[in-house]
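Comments concern the structure below.
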Amino acid sequence: MKNERVTVIDIAKAAGVSKSTVSLVLQGSPLVNDGTRAKVTAVMRELGYVYNRGAANLRQSSSKSKILGVVVNDLTNGFFAELAVGVDMVVQSAGFVQFLSNTSESLDRQSEVIASMREHGISGLILSPARATTAADLKPIVASGIPVVVVVRNVPGARVSSLVSDNQQGTFASVRHLASLGHRRIAFLGGFNDTAVFEDRLQGYRAAMAAHGMKPDDSLVVPSAPSRAGGVDAIGRALAIDVKPTAAVCFNDAVAFGVCDGLRAKGLEPGKDFAVVGFDDVIEAKTAVPALTTISVDPQAMGRRAAQLLLKQINAGKAEAESIISSVRLVVRSSCGAEGADPSVKVETGL
């Protein structure tokens, strides 16, 4: 029997059950007992049956699919790969599948991807917005009634749920720790300066510098692409300052890794000749050489929480906007020159 010709009726006959029972199994209905479900599933596997969920969705009056869209602004950043893994942990167990797409910070690409996902009948969307995304950009999908959760970057005025980290407290803790190690010339390196995340992290940095008696110095703030290459560029410019910094708070871990590369290229050793602190705590942070001191956001946990929030709205049948700020904490490793966890610098803020 050819796979494409296998029907629900064929499965029902082979399993000795009714057509409606097979349909219930395909829908994941709890009305079917485990024994019958196992028998029907075994027959489907034996006959090579593939459930056409797209066709099934068209037949459902509610038009709800088991597909969720996940759109991120930079999939080359390991943070977003980990976030997507966290999303998958939740949605897979709930019987959903995620469509993952990368916009590379392009608003046009973001619009195209979201429109395409809507055509495929997504039931919800998790979005890390491209730079310069506005509430107007999200208006079409919001008006459609599809629940949306934005992560990492807020979109002011958009009637969607949001999940972001406590950016200001994170960079405040970074500066506080570096100041406790005796640093007075602390740079803020990396990040696009036209994003809300950059502004939040910069505010935390400046507030901590002021709190520790360090005068503002705009030359110590060096924006760049939030990438490893951007980090190399940023540290090169920072070390060209007349009164050079001795430490840096980096926009994210990718920038911090680039800063370490740039330091070595100039004969300086991260953690010995120059202190480096990142932001995110991606998987590589712990195994990097030197191990990276960073602000732990726990991207997988953020992904799981975003997925849970989205599924709650889908199951409720309405998209009521919620705003969540997740707590962060400083993880002290070798790159700042002071290894070992210090409970006094743990940051527990947010909701």
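If you go through segment 237-251, how many residues are of a type outside the set (Gly, Ala, Ser) and outside any loop (DSSP other than H, G, I, E, B)?
Final tally of qualifying residues: 3.
Filtering segment 193-215 down to residues that are over 22 Å from Ser128 (Cα atoms), of a type in the set (A, V, I, L, M) and within 28 Å of the chain's Cα centre (by Cα), which residue is surrounded by the most Cβ atoms within 10 Å (Cβ to Cβ)?
Filtering first and then ranking leaves Ala208.
Residues of segment 106-134 being open to solvent by 20 Å² or more (accessible area, probe 1.4 Å) and either touching a residue at least 60 places away in the same chain (Cβ under 8 Å) or touching a His at 6+ places or on another chain (Cβ under 6 Å) (or both), which ones?
His120, Gly121, Arg131, Ala132
Looking only at segment 237-259, count every residue that is open to solvent by less than 10 Å² (accessible area, probe 1.4 Å) and over 19 Å from Arg184 (Cβ atoms) and tell me the total.
5
Residues are listed down the side, and each one gets a yes or a no for (1) at pLDDT 95 or above; (2) buried (at least 16 other Cβ atoms within 10 Å of the Cβ); (3) aromatic (Phe, Trp, Tyr); (4) within 19 Å of the chain's Cα centre (by Cα):
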| position | (1), (2), (3), (4) |
| --- | --- |
| Met302 | yes, yes, no, yes |
| Glu322 | no, no, no, yes |
| Leu330 | yes, yes, no, yes |
| Gly337 | no, yes, no, no |
| Gly340 | no, no, no, no |
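Filter segment 217-231 for residues that are within 29 Å of the chain's Cα centre (by Cα) and either assigned by TED's automatic domain parsing to the domain that holds Asp74 or surrounded by fewer than 16 Cβ atoms within 10 Å (Cβ to Cβ) (or both) and give the result.
Once the filter is applied, which keeps residues that are within 29 Å of the chain's Cα centre (by Cα) and either assigned by TED's automatic domain parsing to the domain that holds Asp74 or surrounded by fewer than 16 Cβ atoms within 10 Å (Cβ to Cβ) (or both), segment 217-231 yields only Ala229.
Please find, within segment 82-105, the residue that is most open to solvent (accessible area, probe 1.4 Å) out of those that are among the acidic types (Asp, Glu) and part of a helix (DSSP H, G or I).
Asp88
Can you find a residue in segment 61-72 that is part of a loop (DSSP other than H, G, I, E, B) and modelled with pLDDT of 75 or more?
Yes, segment 61-72 contains a residue that is part of a loop (DSSP other than H, G, I, E, B) and modelled with pLDDT of 75 or more.
List every residue pair whose Cβ atoms lie under 7 Å apart, where the two residues are 6 or more positions apart in sequence or sit on different chains, the first residue falls within segment 253-265 and is aliphatic (A, V, I, L, M), and the second residue, located anywhere, is modelled with pLDDT under 95.
Every condition considered, the pairs that remain are Ala254/Asn77.
Which condition breaks for Val50 when tested against (1) open to solvent by 30 Å² or more (accessible area, probe 1.4 Å); (2) at pLDDT 85 or above?
(2)
Given the criterion free of Cβ contacts under 8 Å to residues at least 24 places away in the same chain and among the aliphatic types (A, V, I, L, M), identify the matching residue among Ala285, Ala321, Ala316.
Of Ala285, Ala321, Ala316, the one residue that is free of Cβ contacts under 8 Å to residues at least 24 places away in the same chain and among the aliphatic types (A, V, I, L, M) is Ala316.
Can you go through Ala179, Ala234 and tell me which one is modelled with pLDDT of 95 or more, closer than 13 Å to Val276 by Cα, in contact with a Ser or Thr (Cβ under 6 Å, 6 or more places away or on another chain) and surrounded by 15 or more Cβ atoms within 10 Å (Cβ to Cβ)?
Ala234
The values are calculated or read from the model by the stated rules, or taken from the named source; none is laboratory data. Note that the structure is a prediction, hence the values are computed from the model and not measured. When we count neighbours, we look across all protein chains shown, and the Cβ atoms used for this are built from the backbone with ideal geometry, even at glycine. Quick note on the areas: whole protein, heavy atoms, side chains included, nothing else; ligands and nucleic acids left out. Shrake-Rupley method; radii C 1.70, N 1.55, O 1.52, S 1.80 Å.
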